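Report on one structure; see the data block that follows.
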Amino acid sequence: MVGAPGRRALDDLLPGLKEELGVSFCIVNGENAADGVGITPKLAARLLAAGADVITLGNHTWRRAEIGPYLKTSEQVIRPANFSALTPGRGLTVRAAADGTPVAVINLLGSLFLSPAVSMFDLVDGLVEQARGQAQVIVGDVHAEATSEKVALSHWLDGKVTAVVGTHTHVQTSDARVQRGGTAAITDVGMTGPHDSVIGVKTDLAIHRMRTGMPVRFETADGGVRIEGALIECDGSGRATAIEAVRVPYP
């Protein structure tokens, strides 16, 4: 979700949307919550109050200095597991769904253009094994630029986790599917925020930077707001049975 428009959409619609769709567990990628870049403890608390059970992050995690100390103790806000081990926070958490079912959430960062400390493929098997010791339902948020990385990881984890969902590119893809091994996947769940924009940024500012190469202070746009995401169903063993892209206009 992106900036104030995305926050307002979640504040106003998420509680009712969860009830309407029968959602028992909600994951929100919040790395663009603070004016489109980064997140603060105050904004994390707001997203959790709106109905997020876990907040995942990405390459903009450290853009707000105050988030570091917060991540040291938070169990509901996680950062990519393949950041340096010297950074605060965790890349895996387990929380209870509305019916008490434990749900493990793993946050990973792709390599292309994002340069994590280590490849997500170096760590993911150990993370899944760790998660398996605590939960049957396991969801991975793969925050990555490259479609190929996200698709490759979804195949590698097919049959090992409940779902692999992509974030970061802000454009919802049309490839929601349940793979042969029972893992739901979508390359990008899309953007909750202003779609009359360039991936959330005021159009004229983004175009000026692209045309001139000159530095521009980006500002979050405010038109065409909608919630985007994916609705995943699974059985008691954690095997996915369905996945559907979700798109809800706001207001």
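The values are calculated or read from the model by the stated rules, or taken from the named source; none is laboratory data. Only a predicted model underlies this, so the values are computations on that prediction, with no experimental measurement involved. Cβ atoms come from the backbone with ideal geometry, glycine included; neighbour counts cover every protein chain shown. The protein model used for the area step is the full one, side chains on, heavy atoms only, and it has no ligands, DNA or RNA in it. Shrake-Rupley method; radii C 1.70, N 1.55, O 1.52, S 1.80 Å.
Structure summary
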read-out: Residue that is closer than 24 Å to His195 by Cβ, modelled with pLDDT of 95 or more and basic (Lys, Arg), where the choices are Arg46, Arg79, Arg95, Arg90; value: Arg46
read-out: Residue among Gly190, Gly166 that alone is on the phi > 0 side of the Ramachandran plot and under 21 Å from the mean Cα position of the chain (by Cα); value: Gly190
read-out: Leu92 being in contact with a helix residue (DSSP H, G or I) (Cβ under 7 Å, 6 or more places away or on another chain), surrounded by fewer than 23 Cβ atoms within 10 Å (Cβ to Cβ) and more than 21 Å from Leu10 (Cα to Cα); value: yes
read-out: Residue list for the stretch 61-76, restricted to those being touching a strand residue (DSSP E or B) at 6+ places or on another chain (Cβ under 7 Å) and open to solvent by 90 Å² or more (accessible area, probe 1.4 Å); value: Glu75
read-out: Looking only at the stretch 137-188, and only at residues there that are surrounded by fewer than 22 Cβ atoms within 10 Å (Cβ to Cβ) and hydrophobic (A, V, I, L, M, F, W, C), the one that is nearest to Arg247 (Cα to Cα); value: Val171
read-out: Hits in the stretch 12-45 (condition: under 29 Å from Gly238 (Cα atoms) and not aliphatic (A, V, I, L, M)); value: Pro15, Gly16, Lys18, Glu19, Glu20, Gly22, Ser24, Phe25, Cys26, Asn29, Gly30, Glu31
read-out: Tally, over the stretch 27-39, of residues that are open to solvent by 20 Å² or more (accessible area, probe 1.4 Å) and in a loop (DSSP other than H, G, I, E, B); value: 2
read-out: Within the stretch 99-124, tally of residues that are at positive phi and in contact with a His (Cβ under 9 Å, 6 or more places away or on another chain); value: 0
